[in-house]
Amino acid sequence: MSILCRIKIAVTACSVAAGCVSQPIGPAVAVKPGRDKPFTVFLRDDAQCKQYAREQLASGVDTRAASDAHVPRAQLNVQQRYDLAYLECMHAKGNDVSERAEPTTEPEPDIRTSAAENFP
């Protein structure tokens, strides 16, 4: 196999792998319209905040919520950064963000270990 053919295969493999990293398609958090806010206004806020969150991801800037949580950007995954920017925007527009989403950086517990500890 020639060097040129190997390079083409490597470039193709890298392109495919890079395409597998996807951007969030939307927020993974729940937000309700603010008190006495018409639903059409809430939908407009939602669209604007989704755009804001996408722009924050593209610019690579930490959101204020991430800074307030004292969590380095490197420890947040793409969805968490998107959600924080979205929540920050929706809260600023007067919508009901019931729980301030602070990202967890602790690993998920192993279910098998937890279940085994509960049985004698």
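Would you confirm, using the coordinates I've provided, whether residue 30 is at pLDDT 60 or above and assigned to a loop (DSSP other than H, G, I, E, B)? Step through it out loud before you land on a result.
Numbers: at pLDDT 60 or above: yes; assigned to a loop (DSSP other than H, G, I, E, B): yes.
Here the answer is yes, as residue 30 does meet what is asked.
Can you pull out every residue in the range 41-53 that is within 15 Å of residue 29 (Cβ to Cβ) and within 14 Å of the chain's Cα centre (by Cα)? Working first, answer last.
Of all residues in the range 41-53, those within 15 Å of residue 29 (Cβ to Cβ) come to 42, 45-46, 49-50, 52-53.
Matches in the range 41-53: 49, 50, 52, 53.
Among the residues of the range 23-39, write down those that are exposed (fewer than 12 other Cβ atoms within 10 Å of the Cβ) and in contact with a helix residue (DSSP H, G or I) (Cβ under 8 Å, 6 or more places away or on another chain).
Taking the range 23-39 and keeping what is exposed (fewer than 12 other Cβ atoms within 10 Å of the Cβ), we get 23, 25, 30, 35-36, 38-39.
Result: 23, single match.
Just name the residue that is surrounded by the fewest Cβ atoms within 10 Å (Cβ to Cβ) out of those in the range 40-70 that are more than 20 Å from residue 22 (Cα to Cα) and modelled with pLDDT of 95 or more.
For the range 40-70, the residue satisfying everything is 40.
The values are calculated or read from the model by the stated rules, or taken from the named source; none is laboratory data. This structure is a prediction, so every number in the text was calculated from the model and none was measured. Neighbour counts run over all protein chains shown; Cβ positions are idealised from the backbone, glycine included.
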